[in-house]
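Worksheet: the structure to be examined is printed underneath.
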């Protein structure tokens, strides 16, 4: 049950049900067999659109005829959309509707009466009660929501002016969260371009990216992999390896290894976001550990078997706890002391390398593919001099630090919002004089 219902609201708050203070409108879907019903000018919201959260437009369109010949109803904003059906995350998810639209039958639109309840406050209130809404579904929580179920949902109502102030605070945080998310997405896109430049143009003696080949052809030479800096060479990966091995996959329980215990890394320890030592399974007592398979700092790990989308994933291990072994589905690469492992991990993740790996993946089924050791050793890879390898890694890591800093800001904003939702929407903390302080702390970082 939601915390909203387990906390006694302040004495000046009222408890009502949504049916007493909201209009609830269900949607409908015109026949898909009649082309005259589709492709018009009326926005039509499908169930998946509810995850857009704040709806200014939707991709679907129906015609005036489709609207008249179905149960769809055109509703003016503002309203709150509630997902009604489905075993996935859609059921119980809410969105704030900020444009005129119609919906399918799996979405209910709630419009507050404005005198007792504001629509923006309703959105924040129901957003916090996602699990409760799903639990209220018919069929013991496994079915769906209905108009009758929604209209019976109780809601604690502060005075209307306090609803506005609460909504303003949460809207301010939502804006900061959305802008930080957008900045992170932008930085991720910039990172892809930066990595491409670093891994094809490199860093010159002044610590700057070399100009492109089209601008400074004298700095480049032709190679089997295209134009590359004159100081670079193309080598087979096997030529810079001191060791290439794969691990062991005994039957292990799902629990991770504790301190002082041996564990076997799962393939989910090797993801594009980086090495995750927590993704391991405890080695059962009857099995003897194999220290020769233990992961060490500066190892490069590559997933070698599994679904095609998960084969060829590369991570550099900057550091790791002891007593973790690689599994049979992971290759461990160790380089000659003359090379920089973090650079080669970056190079193996580059687009041209991933394309080369993808072309060599074998296996009859999409879910059961693998890469051979011979393929790994035979990969052609770009090799700058050691000093430049270090410089390329430093530039990439500096950008990763920026991304991690923004991710931390986002995490703090989300935690702040969750805490304020619990406090403000239950009346545990009254809103005044909180608005100005929240607006100050939620100011987003500039790109």
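Details
- Tilt relative to the chain, helix 386-424 - C-alpha long axis, 0 to 90 degrees, to 10: 20 degrees
- What the Kirkwood sum gives for region 233-383 is a hydrodynamic radius of 15.6 Å, with every pair of different alpha carbons counted.
- Two-site label geometry, residue 278 and residue 319: point separation in nm, points 7 Å out along Cα→Cβ: 1.7 nm
- Antiparallel bridge percentage (DSSP; both residues within the chain; nearest 5): 90 percent
- As a rough guide to protection, the peptides 197-203, 390-396, 131-137, 281-287 ranked by mean Cβ packing within 10 Å, highest first, stand as 197-203, 390-396, 131-137, 281-287.
- In nm, spacing of pseudo-spin labels at residue 222 and residue 57 (7 Å Cα→C-beta vector): 4.8 nm
- Per-residue [θ]222 nm for the chain (sum of -39500 (n - 2.57) over DSSP H runs n ≥ 4, rounded to 500): -10500 deg cm²/dmol
- When you work out D = kT/(6 pi eta Rh) for region 104-215 at 25 °C and 0.890 mPa s, using the Kirkwood radius from C-alpha pairs as Rh and the Stokes-Einstein form, the result is 131 µm²/s.
- Taking all Cα pairs closer than 8 Å and separated by 6 or more residues, the relative contact order of region 153-246 comes to 12 percent.
- Cα centroid separation, region 15-31 to region 271-323 (Å): 51 Å
- Mean separation of Cα contacts under 8 Å, 6 or more apart, over the residue count of region 3-157: relative contact order %: 31 percent
- For the chain, fraction of C-alpha pairs farther apart than 43 Å, in %: 37 percent
- In degrees, nearest ten, helix 351-360 long axis to first principal axis of the chain (Cα): 80 degrees
- Rounded to the nearest 5, the antiparallel percentage of DSSP beta bridges internal to region 3-157 is 85%.
- Acute angle (nearest 10 degrees) that the helix 119-128 long axis makes with the longest principal axis of the chain, alpha-carbon atoms: 50 degrees
- On the basis of the beta-carbon distance and an R0 of 60 Å, residue 13 and residue 308 show a calculated FRET efficiency of 0.60.
- Net lengthening on full extension, residue 185/residue 377 (0.36 nm per residue, minus Cα-Cα): 65.7 nm
- Cβ-derived FRET efficiency at R0 30 Å, residue 113 paired with residue 69, nearest 0.05: 0.50
- Calculated over region 3-157, the projected area of the Cα convex hull averaged across directions stands at 9.2 nm².
- FRET efficiency, residue 271 to residue 408 (Cβ-Cβ, R0 22 Å, nearest 0.05): 0.70
- Estimated inter-spin distance, residue 368 and residue 46, nm [label 7 Å along Cα→Cβ]: 3.3 nm
- Across the chain, C-alpha contacts under 8 Å between residues 6 or more apart give a mean separation that, scaled by the residue count, equals a relative contact order of 16 percent.
- Sorted by Cβ density within 10 Å, fewest first, the residues 399, 123: 399, 123
Throughout, read-outs are computed from the coordinates displayed, never taken from laboratory work. The structure displayed is predicted, hence computed values, not measured ones. All Cβ positions, even for glycine, are placed from backbone atoms using ideal geometry, and neighbour counts span all protein chains on display.
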